[in-house]
Protein chains: 2
Amino acid sequence: MSRFGDATAVTRVAEGRYRIDLDGAFGFAEALNGGYLMAVLARAAVDAAPHRHPVATAASFLRVAKPGPAEVLVEPRKAGRTASAARVSLVQDGQVAVDALITTADLDPDGEPDWLGEPPAPPLPPIERCTHFAAGDRDRGFADQVQMHFDPATLGWLDGRPSGRPECRAWFRLRDPHEPDAFVLALAVDALPPVVLNTGAKGWAPTVEMTWHMRAVPAPGPLALHGGGRLVAGGWFDEEVEVWDSAGRLVAQGRQLARVGRPSRRAAATA
Amino acid sequence: MSRFGDATAVTRVAEGRYRIDLDGAFGFAEALNGGYLMAVLARAAVDAAPHRHPVATAASFLRVAKPGPAEVLVEPRKAGRTASAARVSLVQDGQVAVDALITTADLDPDGEPDWLGEPPAPPLPPIERCTHFAAGDRDRGFADQVQMHFDPATLGWLDGRPSGRPECRAWFRLRDPHEPDAFVLALAVDALPPVVLNTGAKGWAPTVEMTWHMRAVPAPGPLALHGGGRLVAGGWFDEEVEVWDSAGRLVAQGRQLARVGRPSRRAAATA
């Protein structure tokens, strides 16, 4: 088992009721990563369903989830031949942290597209020309669990030179020997730094709602994440992420509606 | 009141419980339009919420809803200063037809974008160069409630010459004197014929999951609908729709995961 496998392992304690020990390694400063939480919800949903793949996950992030014990409640709403649907919630300390609707179905690992759009442009540069931040002495939480190599063109915000467009692109894989699967895709669609860092925003950008669709079973190897957005207004922004696998297939699509971050008091004071 | 206003009018019968008489005019052959159902759910959600606009709606379509009485159940899950969230369901004849997660917030009608992406390409031709199907003697259900003018380049499937890409573009407004609002946007994001008609698919394409985000309060006048998709595989396809208002603003974004339609037996027999 890998750390990610262990960290998302749900234990069935009753019909539609799962126990999980949320792993602080998949978060930062006591706030857990939204993709990690979606992976946990998906594992419970798939366990309770007659189908193997979470083809549609819509998640409403209500409260920050913290490391430690929590429960996942799965309420089946339809069991169909092609697809099944459930309402799934993450509950911690008596409060709902995440509400989700998860549709499961079976995707054919050997299936070929009937029609596939062009790969996103611009393409990701080869991994060796991307920027990697090595793990150091300091605990970086989530960033220590994944290996991400960023397109340098989308890292200008780090030097105070944001590109001016909501964008972020990176190669992604787990640091663990854990090849991509449905649950890694849940992590991947929410793994990028907020795309609005490149329009000048600073700080944490809390996700309000995120929906992602699993479109194919990913091949082993690194995943290419292409993040963009269409509108920043009134403190809201959208972030679209496409995930392509090493075989050149579109394996996941995600969109989130999030709040533009505000710099911390310390950052504002020194800005 | 307009027909659309009447058709989406929910009556509060108890805390979190609304009655609705679903109007067959917003469907076809006894199956109601998904966008119409999302408009009904949004009206109940907004009525029960401290905020005015349904900024995020994720809907899981479980069973076909039919014209006639139904109930909308609204279960508040969070009431925040900036946004509130609820689980909302449409129940008919003792069965759940649609499950939704709806987040409400207040958008500033006079708000200006901080950043806005390029309008989608290609643009819609002017209305007078688009194709309009006038109402005739035959009851066309939903199509009789809306005025849509289609980009001819995306209507090739009608003559057996699909464009080869999942796409559909049209100008949209209600036939009623009812200017665009949040609830009309719910209708607009699901109003186009399935984009896969242009990759050779035929027949009804049932939506499995749809999420849409309201990004701005729409100006009066026609809405421009830009529909596309990224992947058709294993009987599944995605359909993205952007809605732009007459003031040139992106007002809604939607994505659905749907099943590729199968031709009816009659069509298959004559194909």
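Considering the dipole of region A:68-149 built from charges on the beta carbon (Lys and Arg +1, Asp and Glu -1) around the Cα centre, which of A:Q95, A:G117, A:G136 is farthest to its positive end?
Toward the positive end, the furthest listed residue is A:Q95.
Taking neighbour counts of Cβ atoms within 10 Å as a proxy for exposure, in what order, fewest first, do B:D144, B:D99, A:D137 appear?
In increasing order of surrounding Cβ atoms, one gets A:D137, B:D144, B:D99.
Please compute the average number of Cβ atoms from other chains found within 10 Å of each residue's Cβ in peptide A:107-120.
What the average comes to for A:107-120 is 4.
Mind checking the mean number of beta-carbon atoms from other chains within 10 Å of the Cβ atoms in B:65-72?
Mean inter-chain Cβ contacts per residue within 10 Å come to 0.
What is the count of Lys pairs in the protein assembly as shown whose alpha carbons sit under 24 Å apart, if the two are 8 or more places apart or on different chains?
For the protein assembly as shown, the number of qualifying lysine pairs is 4.
By how many nm would the segment from A:E118 to A:F28 grow when fully extended, if each residue of separation counts as 0.36 nm and the alpha-carbon distance is taken off?
Between A:E118 and A:F28, full extension yields 28.9 nm more.
Specify the angular offset, from 0 to 90 degrees and rounded to the nearest 10, of the alpha carbon long axis of helix B:34-48 from the longest principal axis of the alpha carbons in chain B.
Approximately 10 degrees, to the nearest 10.
Which one, B:W115, B:W204, B:W171, has the greatest fluctuation when you compute a Gaussian network model over chain B with C-alpha springs under 10 angstrom?
B:W115
Relative to the Cα centre, what is the charge dipole magnitude of chain A, using +1 at the beta carbon of each Lys and Arg, -1 at the beta carbon of each Asp and Glu, and rounding to the nearest 20 debye?
On the way: 29 positive and 33 negative charges, 173 e Å.
It works out to roughly 840 debye.
Mean residue ellipticity at 222 nm from the helices of chain A, using -39,500 (n - 2.57) per DSSP H segment of n ≥ 4 over the full residue count, to the nearest 500 deg cm²/dmol?
Calculated from helices alone, the mean residue ellipticity at 222 nm is -3500 deg cm²/dmol.
Using modelled amide H (1.01 Å from N, peptide plane; none on Pro or chain starts), what sits under 5 Å from the amide H of A:A83, excluding residues fewer than 5 places away?
Distant-sequence amide H within range of A:A83: zero hits.
Select from B:D151, B:D139, B:D238 the residue whose mean-square fluctuation is largest in a Gaussian network model of chain B (Cα-Cα springs shorter than 10 Å).
B:D139
Mind sorting A:W157, B:W212 by how few other Cβ atoms lie within 10 Å of their own Cβ, fewest first?
Starting with the residue having the fewest Cβ neighbours, the order is A:W157, B:W212.
So, by mean Cβ neighbours within 10 angstrom, what's the order for B:38-51, B:217-230 with the highest one leading?
Ranked by mean Cβ neighbours within 10 Å, highest first: B:38-51, B:217-230.
Treat every Asp and Glu Cβ in the protein assembly as shown as -1 and every Lys and Arg Cβ as +1, leave all other atoms uncharged, and give the resulting dipole magnitude about the Cα centre to the nearest 20 debye.
Computed charge dipole of the protein assembly as shown: roughly 340 debye.
Averaged across A:206-216, how many Cβ atoms of other chains sit within 10 Å of each residue's Cβ atom?
What the average comes to for A:206-216 is 6.
Every read-out reported here was derived from the displayed coordinates using simple, explicitly stated rules and does not represent laboratory data. Values in this document were obtained by computation on a predicted structure and should not be read as measured data. A quick note on method: Cβ atoms are made from the backbone with ideal geometry, for glycine too, and the neighbour counts reach across all protein chains shown.
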